[in-house]
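Step one of this worksheet: look at the structure below.
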Amino acid sequence: MTNAERRSKQRRKRKRQVKILRGMLTVAAVAILVLVVRLIQILNPNVIQEGETPDFIGAIPVHTKYIPEGYAGRPGTLREIRSVVIHETANTAKGTDSENHSRYLMNEAKSTKISWHYTVDDHEIYHHLPDQEIGYHAGTAEGNEEGIGVEICVNEDGDFEKALDNAAQLTAYLVKQYHLSLDDVYQHHEYSGKDCPHRIREEGRWDAFLEAVKHYMGTI
Ligand SMILES: [Zn+2]
């Protein structure tokens, strides 16, 4: 091997080493970036990652079962949360609890622009959409863009009083989680004029509902 050949070989070897080193540095940089992002998420409880909503709010179990991405009811549009929009399902048929509405949305939201974030009944909560994404429930673009939609079950075989109380706990949690105030809790009616939440409105119980939310804001 001539000196020229030896130098050329060494040069190729150095080049390989530089390449490997660069690769290692890139991997390390990506790992550090992932760690920093994760740390920011941990230190900032306001950022909830998909699938990381609590398993319980108070003593109420929360089932996270998101409408699949790409369905008509889940455009995946991120927004700033400014309100909680209270609805009632207006479905009094037996068995139309929150699980039933979860199944309904899994079918219906596939090809229809219909969706909301939570359904609450007398014993549990289903979470259908990440809070940071818009849904189609308020009847107006403004309501859909800024609100978290909460549906309260009114099935005749359910305990409406308990469902209302559970909804107040969920609403209190959301108000606190997103640094909102009681003034940011709206009836669906206030956005679109629809008579919803029907029973709360008909029975004149809106103020009492807000009082319950306020109470739970102190305990949740
Ligand atoms: Zn409504």
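Read the figures in this text as sums done on the coordinates, not as results from a lab. Predicted model, so just to flag it, every value in this text is computed and none were measured. Ideal geometry is used to build each Cβ from the backbone, glycine not excepted, and the neighbour counts take in all protein chains shown.
Overall shape of region 56-217 was characterised from the C-alpha gyration tensor. The equivalent ellipsoid obtained from it has semi-axes of 21, 18, 15 Å, in decreasing order.
In the chain, what % of DSSP beta bridges are antiparallel (nearest 5)?
30
Just tell me the longest site-free run in the chain, where the sites are GluC sites (Glu not before Pro) in a DSSP loop having at most 13 other beta-carbon atoms within 10 Å. Longest run free of exposed loop sites: 81-155.
Express in whole angstrom the spacing between the alpha-carbon centres of region 18-33 and region 166-210. Going from one Cα centre to the other spans 51 Å. Of the trypsin sites (Lys or Arg not before Pro) in region 66-95, the ones in a loop by DSSP (not H, G, I, E or B) with at most 11 other beta carbons within 10 Å are LYS94.
Computed from the C-beta positions of ARG205 and SER111, the FRET efficiency with R₀ = 30 Å rounds to 0.25. If you wrap the Cα atoms of region 178-219 in a convex hull and average its projected area over all directions, you get 3.3 nm². Packing order of peptides 175-182, 6-13, highest average first: 175-182, 6-13 (average count of other Cβ atoms within 10 Å over each peptide's residues). Partners of LYS94 within straight-line reach, counting lysines whose Cα lies under 27 Å from its Cα and excluding those fewer than 8 residues away in the same chain: LYS65, LYS110, LYS113, LYS162, LYS194.
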